[in-house]
Amino acid sequence: MADTDAAALAAAAVPAAAAALDAAVPAAAAGPAPEAGTVPDAELREQARAALDRARDLLLAGQEPDGWWQGELETNVTMEAEDLLMREFLGVRTAEQTEPTARWIRSRQRSDGAWATFHGGPGDLSTTIEAYAALRLAGDPPEAEHLRRAREFVLAHGGIERSRVFTRLWLALFGEWPWQRLPAIPPEVVLLPPWFPLNVYDFACWARQTIVPLAIVRSLRPVRPLGFSLRELRTGERPAPPPSLRRRDGWMHRLDGALRGYERRPVGPLRRNALRRAAEWIVARQEADGSWGGIQPPWVYSLIALHLVGYPLSHPVLRAGLAGLERFTVREETPDGPVRRLEACQSPVWDTALAVTALADAGLPPGHPALTAAARWLLAEEIRVPGDWSVRRPGLVPSGWAFEFDNDGYPDTDDTAEVLLALRRSGPDPSVRPAIERGLRWLCGMQSADGGWGAFDADNTRRIARELPFCDFGEVIDPPSADVTAHVVEALCAEGLTGSAAVRRGVAWLLRSQEADGSWFGRWGANHVYGTGAVVPALIAAGVRPDDPAITRALCWLHRRQNADGGWGEDMRSYRDPSWRGRGTSTASQTAWALLALHAARSGDRASLWRGVRWLLESQRPDGGWDEPQYTGTGFPGDFYINYHLYRLVFPISALGRLLADPGEPS
């Protein structure tokens with residue numbers, strides 16, 4: 001797992017190798033040194049204006065009648081594989097679901113037989129195992145060529161024995177992995193008070209919502225055979241010896257051993273009470289659309305857990321949960337036949353806020369019907385009830401906005417900041433001002449003790465949670481991050497709070513978190529281009545001078561990372577391999593992030609900036625959009641990635657709009 005601290009340590013460990021890494025980059029990855037001071041000619045500006053108009057019109061055409069926008073949120077085939085496995089376990093899988101889902105999974109297979117977690121990425125062992133199991137479930141014979149290639153990849157990379165805990169847990173549900181060889185997750189964890197170490201509120205909201213149902217499943221250890229075996233995916237490799245007690249993970253391993261011992265003989269009344277309380281905890285957090293947190297992992301595990309403790313499929317909770325998945329299902333026709341895939345989440349609030357800002361940047365005036373309709377919809381999405389965040393902030397008056405249509409328990413600071421930035425530019429609706437003021441108070445109240453902001457909780461920083469043996473996939477805590485902190489600082493400054501204590505502490509946190517190479521780590525977007533593209537505009541808004549050393553270093557980093565074609569890109573492998581930082585195929589969204597930073601800081605290198613603009617113009621489609629198969633959004637750094645289909649449109653609009661509207665740019 002990668003986080004800001006880990007990235008900083010990695011950067012600090014290799015400063016001497018920076019020049020060698022730069023020298024090792026292919027010539028195509030670094031552009032020629034531009035002439036400082038070069039300015040665009042009138043023709044280029046006209047082309048940019050025409051490109052902006054086309055993109056603006058395309059975005060306007062995508063607005064829904066109720067005022068919102070939503071782009072598809074594309075992930076990887078574990079969503080579809082786990083959907084089929086869940087339906088098989090619950091006994092509700094149908095041919096109408098299975099056949100188009102299997103067709104989609106097959107279409108995503110790489111030439112080496114594996115499945116990746118992002119476009120163009122390397123094969124992933126656990127993803128390939130889950131895809132293989134789903135295709136066997138769909139009736140594909142193991143001797144089929146595509147499964148033979150997948151099997152060879154799995155065995156060459158260690159087999160089921162080397163897969164992540166969550167994959168082996170899915171296999172255990174069907175008797176394909178022994179429950180006793182999985183880490184313990186005792187349901188008694190729900191009985192621990194919030195002050196006790198490693199209680200459920202020490203975990204990030206997405207992790208706690210997953211851990212509680214998994215605790216039920218792990219304690220009951222159900223087995224419902226698939227009707228076939230997956231023995232062909234095993235290598236027979238013996239488990240690795242436990243880590244040394246000289247290391248903290250060694251002690252965590254021994255703790256897990258003790259908990260597994262307790263699992264064999266739990267205290268009856270205590271276990272029954274824990275299972276009951278865990279089920280009640282889950283039911284209390286179901287959203288209006290039937291989901292849990294509006295995201296896939298807690299959703300599928302909650303359905304399984306509640307069914308195991310006695311909830312029939314006809315129960316309103318389970319019925320709503322299964323029905324709600326339909327809204328997250330994407331169906332389309334392809335030359336090979338219909339396909340079915342699932343979104344891990346949906347982002348209408350986020351997309352709508354970004355779309356409003358983009359359209360305002362493109363020149364739509366406050367009060368324009370599109371902005372007014374969007375503002376009306378956003379105002380209705382404000383959350384006025386307390387959620388899990390209030391465990392750490394019990395006196396804070398509820399407000400904020402969530403990512404999804406229905407997620408009243410988990411508003412987040414990132415969405416709230418972007419909504420406030422959008423609302424202030426939407427128009428004269430008298431209900432906007434009170435909502436902004438409530439949002440500002442909530443944001444200030446959610447600041448962590450170190451001055452930064454996490455996404456969903458304040459002070460969710462107990463790092464030992466990452467070392468528990470069942471936490472081998474995805475980030476499990478929600479510490480402050482540079483991108484979220486930057487968005488909040490920018491929103492506070494836009495509302496005149498530049499001199500406030502909250503902003504001063506936030507700026508200090510951002511300056512402390514800058515990487516050795518001048519960039520910032522991107523927790524929720526790929527990666528250092530995203531982090532740097534968010535932080536530089538926020539620091540400028542907070543009054544940091546463009547010639548401040550921190551800004552100068554950031555701009556130098558962006559200039560060094562510009563591709564020869566004029567754009568910017570960063571491959572997801574940068575989360576694990578520092579040599580990929582700021583390196584990758586140029587994309588519309590990442591190029592726009594770099595341009596937003598360069599423009600905000602009034603970079604003296606105008607040639608570099610306008611080369612980026614030219615790349616956007618040359619890569620734009622005739623309809624005004626951009627193709628972007630690359631994934632530029634992040635779910636879990638190093639593990640789970642997202643292609644936000646609207647990013648390729650809203651961010652280029654904002655970048656072009658701000659640049660063309662700047663009176664400081666020559667006309």
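The values are calculated or read from the model by the stated rules, or taken from the named source; none is laboratory data. Nothing here was measured: the structure is a model prediction, and the numbers come from that model. Neighbour counts run over all protein chains shown; Cβ positions are idealised from the backbone, glycine included.
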Within the range 166-194, residues within 19 Å of residue 125 (Cβ to Cβ) and among the acidic types (Asp, Glu) come out as 176
The condition from (1) under 21 Å from residue 487 (Cβ atoms); (2) in a loop (DSSP other than H, G, I, E, B) that residue 629 misses is numbered (1)
Across the range 571-624, the tally of residues that are closer than 21 Å to residue 664 by Cα, of a type in the set (Ser, Thr, Tyr) and not in a helix (DSSP H, G or I) stands at 1
Apart from one, (1) touching a helix residue (DSSP H, G or I) at 6+ places or on another chain (Cβ under 8 Å); (2) in a helix (DSSP H, G or I); (3) under 22 Å from residue 341 (Cα atoms) all hold for residue 99; the odd one out is (1)
Exception for residue 217 within (1) over 29 Å from the mean Cα position of the chain (by Cα); (2) within 30 Å of residue 134 (Cα to Cα); (3) surrounded by 14 or more Cβ atoms within 10 Å (Cβ to Cβ) falls at (1)
Inside the range 382-415, the number of residues satisfying the requirement of being of a type in the set (Val, Ile, Thr) and assigned to a helix (DSSP H, G or I) is 2
The correct count of residues that are part of a helix (DSSP H, G or I), surrounded by fewer than 18 Cβ atoms within 10 Å (Cβ to Cβ) and aliphatic (A, V, I, L, M) in the range 74-96 is 2
When restricted to 576, 561, the only residue within 29 Å of residue 76 (Cα to Cα) and surrounded by 18 or more Cβ atoms within 10 Å (Cβ to Cβ) is 561
Residue 400: passes all of (1) modelled with pLDDT of 95 or more; (2) buried (at least 20 other Cβ atoms within 10 Å of the Cβ); (3) at negative phi but (3)
Subset of the range 343-371, residues of a type outside the set (A, V, I, L, M), on the phi < 0 side of the Ramachandran plot and in contact (Cβ under 8 Å) with a residue 60 or more places away in the chain, comes to 343, 345, 346, 347, 348, 350, 351, 352, 357, 361, 366
Residue 595: passes all of (1) surrounded by 23 or more Cβ atoms within 10 Å (Cβ to Cβ); (2) without any contact (Cβ under 8 Å) to a residue 60 or more places away in the chain but (2)
**Message:** Condition check: in contact with a Phe, Trp or Tyr (Cβ under 9 Å, 6 or more places away or on another chain), modelled with pLDDT of 50 or more and either aromatic (Phe, Trp, Tyr) or assigned to a strand (DSSP E or B) (or both). Does residue 104 satisfy that?
**Reply:** no
Per the filter on the range 424-473, residues hydrophobic (A, V, I, L, M, F, W, C), modelled with pLDDT under 95 and crowded, with 16+ Cβ neighbours inside 10 Å are 465, 468, 470, 471, 473
When every residue in the range 230-245 that is modelled with pLDDT of 95 or more and of a type outside the set (Ser, Thr, Tyr) is compared, the one surrounded by the fewest Cβ atoms within 10 Å (Cβ to Cβ) is 231
The condition from (1) surrounded by 20 or more Cβ atoms within 10 Å (Cβ to Cβ); (2) modelled with pLDDT under 95 that residue 604 misses is numbered (1)
Q. Would a scan of the range 329-346 turn up a residue that is touching a helix residue (DSSP H, G or I) at 6+ places or on another chain (Cβ under 9 Å), at pLDDT 95 or above and part of a helix (DSSP H, G or I)?
A. no
The residue from 529, 503, 484 that alone is surrounded by 21 or more Cβ atoms within 10 Å (Cβ to Cβ) and farther than 29 Å from residue 642 by Cα is 503
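Matching residues to (1) at pLDDT 95 or above; (2) in contact with a helix residue (DSSP H, G or I) (Cβ under 8 Å, 6 or more places away or on another chain); (3) closer than 30 Å to residue 118 by Cα; (4) not hydroxyl-bearing (Ser, Thr, Tyr):
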| residue | (1), (2), (3), (4) |
| --- | --- |
| 504 | yes, no, no, yes |
| 507 | yes, yes, no, yes |
| 510 | yes, yes, yes, yes |
| 515 | yes, yes, yes, yes |
| 534 | yes, yes, yes, yes |
| 545 | yes, yes, no, yes |
| 551 | yes, yes, no, yes |
| 579 | yes, yes, yes, no |
One residue is enough: does the range 557-570 have a residue meeting the conditions out of contact with any strand residue (DSSP E or B) (no Cβ under 7 Å at 6 or more places or on another chain), under 21 Å from residue 116 (Cα atoms) and not in a helix (DSSP H, G or I)? yes
Of the residues in the range 323-345 that are hydrophobic (A, V, I, L, M, F, W, C) and surrounded by 17 or more Cβ atoms within 10 Å (Cβ to Cβ), the one that is farthest from residue 185 (Cα to Cα) is 339
Only unsatisfied item for residue 390, checking (1) within 24 Å of the chain's Cα centre (by Cα); (2) touching a residue at least 12 places away in the same chain (Cβ under 8 Å), is (2)
Tell me yes or no: at least one residue of the range 246-260 is modelled with pLDDT of 85 or more, of a type in the set (Asp, Glu) and either closer than 23 Å to residue 477 by Cα or surrounded by 14 or more Cβ atoms within 10 Å (Cβ to Cβ) (or both). no
Q: For residue 227, indicate whether it is at positive phi, without any contact (Cβ under 8 Å) to a residue 60 or more places away in the chain and surrounded by fewer than 22 Cβ atoms within 10 Å (Cβ to Cβ).
A: yes
On the basis of being over 29 Å from residue 459 (Cα atoms), aliphatic (A, V, I, L, M) and crowded, with 21+ Cβ neighbours inside 10 Å, does residue 129 make the cut?
yes
Of those in the range 424-457 that are of a type in the set (Ser, Thr, Tyr) and more than 20 Å from residue 504 (Cβ to Cβ), the residue farthest from the chain's Cα centre (by Cα) is 431
**Prompt:** In this structure, is residue 541 surrounded by fewer than 20 Cβ atoms within 10 Å (Cβ to Cβ), modelled with pLDDT of 95 or more and within 20 Å of residue 485 (Cα to Cα)?
**Reply:** yes
Subset of the range 54-65, residues surrounded by 14 or more Cβ atoms within 10 Å (Cβ to Cβ) and either free of Cβ contacts under 8 Å to residues at least 24 places away in the same chain or over 13 Å from residue 620 (Cα atoms) (or both), comes to 59, 60, 62, 63
Pairs returned, first residue in the range 547-573 that is over 16 Å from residue 586 (Cβ atoms) and without any contact (Cβ under 8 Å) to a residue 12 or more places away in the chain, second residue that is crowded, with 23+ Cβ neighbours inside 10 Å and of a type in the set (A, V, I, L, M, F, W, C), beta-carbon separation under 8 angstrom, 6 or more apart or interchain, are 548/539
